[in-house]
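Structure record follows, encoded as structure tokens.
The values are calculated or read from the model by the stated rules, or taken from the named source; none is laboratory data. Being a predicted model, the structure only gives us computed values, none of them experimental. Glycine gets a Cβ as well: all are built from the backbone with ideal geometry, and neighbour counts include every protein chain shown. When the accessible area is computed, the model is the full protein with side chains, heavy atoms only, and any ligands, DNA or RNA have been set aside. Shrake-Rupley method; radii C 1.70, N 1.55, O 1.52, S 1.80 Å.
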Amino acid sequence: MIWYPYIQMKNMKAPYKIIDAEGVYLHTEDGKKLIDSVSSWWSVIHGYKNPELNAAIISQVEKFSHVMLGGLTHSPVEKLAKKLSEWLPGDLNYCFFSDSGSVAVEVALKMALQFFINQDETQRVMTLALEHAYHGDTFKAMEIGDDEDYHFILKALGKNENIIHIPAEIETLEKTFEKYHEKLNSFIIEPLLQCAGGFHIHSIEFLRRARELCDEYNVILIFDEVATGFGRTGNRFVADIVQPDILILGKALTGGYIGHAVTVANKKIFDAFYDENPEHALMHGPTFMGNALACAAALKSIEIFERENYISKIKNIERIARREFQNFSADVIKEIRILGGCICIECRNAEFIKGFQDFAYSNGVFNRPFLKYIYTMPPYIIKEEELVKIFDVMKAWFKIKI
């Protein structure tokens, strides 16, 4: 029996069964053709059955699918690390691979803590994060999250006094650094756009001030761009505008083909581990880190992203969204937020989204609203008429509810 995510199994409705997928479309067992408006949790940026990605994986699988990185290496992982080092800004050059975004977050937090332990600053045990933060479902990632809808089980352990959550306000940020900087090891943030925590948007000025304060007080700045990276905010990476000390990538890294992630550190972080002392090594090693198939997919995905000028595609998605929602409103809508390739309608309460998934399905769109949010993060290859169809279905729902 499959144990499905984020659902009470006892009363869940049967999921839609997919038998094929191509481009932006999912094909169901009962003959429906659905536009995937959420890119399989925001990862399938090139759409399904991309011939170049398929060929890259097939070519690699004919050689080997996986070898461990403990004592071994291989060309795909070496090429991907080199490409990321060249592609990412500044000295974000040191790539630690893992098999999921949550694990990559755990690695980043572990790096930040050990960075100071390796320098005998054992008092640096606190982590700063934002209100409404979501960084994954493993335990440390849950601790730095701030959404009881996902992580209510942590109540059983009591409040962790070493985790601080603040709103994305510069004044509060400054006061928090002033009060806690001697104990802070890191500030972790989804830059510009908090996704699973409710698609909250904050300013680039907030991030610039965070960078200044981290420099002033010697605190590590971590950008979790698992969801926001590869163009979702309209920027290639937010790290291109404000550079963190550690950058976390996942989801679209492989074009959504295979689970894989990377925690990329700058030279300052890496040098704190590069030592004759074996206790200063980073003692972490996911079995499938640097998986050869995932690396082959990632290399081809990045090639397509660059060659096809995906940033222009994302800007066009944003332009169309702003046009289509320009004069749209309803009493049940609290706010419509648009940034890059993300469009979110926040409802005043969760009642207004009940039934929307089936409504969208009946109109040829797969969507998965949650809490009080109806949103779309479509594949970047989507055509204008397909994108407008998603928006029309979203707007039609509110006309029905009114």
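Worth pointing out:
- If you filter segment 292-321 down to residues that are of a type outside the set (A, V, I, L, M, F, W, C) and under 24 Å from PRO76 (Cα atoms), you find that the one that is most open to solvent (accessible area, probe 1.4 Å) is ARG307.
- For segment 28-64, a residue qualifies if it is under 17 Å from ILE258 (Cα atoms), β-branched (Val, Ile, Thr) and outside any loop (DSSP other than H, G, I, E, B), and the qualifying residues are ILE57, ILE58, VAL61.
- Residue in segment 173-186 that is part of a loop (DSSP other than H, G, I, E, B), open to solvent by less than 70 Å² (accessible area, probe 1.4 Å) and among the polar types (S, T, N, Q) present: no
- Any hit, segment 385-399, residues being surrounded by fewer than 19 Cβ atoms within 10 Å (Cβ to Cβ), among the basic types (Lys, Arg) and not in a helix (DSSP H, G or I): no
- Restricting the first member to segment 1-30 and to residues that are β-branched (Val, Ile, Thr), and the second to residues that are in a loop (DSSP other than H, G, I, E, B) and open to solvent by less than 100 Å² (accessible area, probe 1.4 Å), the beta-carbon pairs closer than 6 Å and six or more apart or on different chains are VAL24/GLY47; VAL24/PRO379; VAL24/ILE382; THR28/TYR16.
- For segment 118-168, the set of residues classified as within 15 Å of SER186 (Cβ to Cβ), of a type in the set (A, V, I, L, M, F, W, C) and in a helix (DSSP H, G or I) consists of ALA141, ILE144, listed by residue number.
- Matching residues in segment 228-279 - criterion: being open to solvent by 60 Å² or more (accessible area, probe 1.4 Å) and either part of a strand (DSSP E or B) or out of contact with any Leu (no Cβ under 6 Å at 6 or more places or on another chain) (or both): ASP240, ILE241, LYS251, LYS267, LYS268, PHE270, ASP271, TYR274, ASP275, GLU276, PRO278, GLU279
- Among the residues here, GLY285 does not qualify as buried (at least 20 other Cβ atoms within 10 Å of the Cβ) and in a loop (DSSP other than H, G, I, E, B).
- Here TYR134 fits the description: open to solvent by 10 Å² or more (accessible area, probe 1.4 Å), within 14 Å of the chain's Cα centre (by Cα) and either among the hydroxyl-bearing types (Ser, Thr, Tyr) or closer than 23 Å to CYS344 by Cβ (or both).
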